[in-house]
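All remarks here apply to the structure that follows.
The values are calculated or read from the model by the stated rules, or taken from the named source; none is laboratory data. Not measured: the values here are computed from a predicted model. Neighbour counts run over all protein chains shown; Cβ positions are idealised from the backbone, glycine included. These area figures cover heavy atoms from the full protein model, side chains too; ligands, DNA and RNA do not enter into them. Shrake-Rupley method; radii C 1.70, N 1.55, O 1.52, S 1.80 Å.
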Amino acid sequence: MIDVYCVVNYGVSIPKTALKIQEQVRQTLENMTSLQTQEVNVHITGIQFDTPAGE
C-alpha cells in the first residue's frame, strides 16, 4: 500500500491528476522492483495559487 501526498496547481483537474499519479506510481514501482501494489492512495493536501511576481 502506498500513500502519496500532493499539492496541485490551481485550475488542474484533481481527479485526472490523481488518476495519472496512481498509474505512474504503480507502473514505476512495478518496473523498478517487479512488485505489484495493492493500493496507491493519492491525497491532495492543498492547492497552489499563482502569486504575482514580487509578492
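Could you please state how large a percent of the accessible area of the chain is carbon and sulfur, counting protein chains only and using a 1.4 Å probe?
52 percent
Solvent-accessible area per residue for the chain at a 1.4 Å probe radius, Å²?
Roughly 83 Å² per residue, with all protein chains present.
Using 0.36 nm per residue of separation minus the Cα-Cα distance, give me the extension gain between residue 7 and residue 44 in nm, one decimal.
Working it through step by step, the gained length comes to 12.7 nm.
Measure nothing but the geometry: give the 0 to 90° angle between the long axis through the Cα atoms of 14-33 and the longest principal axis through the Cα atoms of the chain, rounded to 10°.
40 degrees
In debye to the nearest 20, how big a dipole does the chain give about its Cα centre with +1 on each Lys and Arg Cβ and -1 on each Asp and Glu Cβ?
140 debye
Take the Cα atoms of the chain, build their convex hull, and give its volume per residue in Å³.
With only Cα atoms used, the chain gives 91 Å³ per residue.
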